[in-house]
């Protein structure tokens, strides 16, 4: 990507799109990943997220570094596309990743959004409250997903929302 865009090393580094490796060569930060553009709720592009390709090494998800435009604790993937359906249904489904959103939308659930490599924050809940009062958590049925769900129940009263947890099967 850096080579195709003809990015100088300092621009690649400062934007988080690349870095100079141990061999003193410019290397993409998001190599071996499927890339997803991340937009804020208004539809403005603010970051890039990547999911590792099968057989590649590294963390499952990688996002752009925090910047003046992007803080993963403030942005929900897909909200720019889902907000109309969220308002119409009075409900938002929050899942864990970009491909989860694609799966939900493909299955007829257009009000799905995802966190960007972080747990759902109270700032996310406050933002979602502007669009709907019902929040359905569709996190993985693992320990981390369950712990996240329990933490969010504490924000129900503060933000006048109803929180529900979707019972998803393991795996």
Would you calculate, for the chain, the mean residue ellipticity at 222 nm contributed by helices, counting each DSSP H stretch of 4 or more residues as -39,500 (n - 2.57) and dividing by all residues, to the nearest 500?
-8000 deg cm²/dmol
For an R0 of 30 angstrom, estimate the FRET efficiency from the Cβ-Cβ distance between residue 34 and residue 158 and round to the nearest 0.05.
0.25
The correct pair for region 76-165, radius of gyration to one decimal and Dmax as a whole number, both in Å and from Cα atoms, is 11.7, 33
Linear extension gain, residue 5 paired with residue 130, 0.36 nm per residue minus alpha-carbon span:
41.2 nm
Compare 63, 21, 80 in a GNM of the chain, Cα atoms joined below 10 Å, and give the one with the largest fluctuation.
21
With N set to the number of residues, divide the alpha-carbon radius of gyration of region 9-63 by 2.2 N^0.38 Å and report two decimals.
1.25
Using the Kirkwood radius over Cα pairs, work out the Stokes-Einstein diffusion coefficient for the chain at 37 °C and 0.692 mPa s, in µm²/s as a whole number.
192
Tail weight of P(r) past 11 Å, computed on alpha-carbon pairs of region 59-102, percent
73
Testing the spin-label approximation: label points 7 Å from Cα along Cα→Cβ at residue 13 and residue 59. State their distance in nm.
2.1
Run the simple label-point estimate for residue 66 and residue 166 please: 7 Å along Cα→C-beta, distance reported in nm.
2.9
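Each reported figure results from applying straightforward, stated rules to the coordinates on display, with no laboratory input. Because the structure is predicted, anything quoted here is derived from the model rather than measured. In this analysis, Cβ positions are derived from the backbone assuming ideal geometry, glycine residues included, and neighbour counts consider all displayed protein chains.
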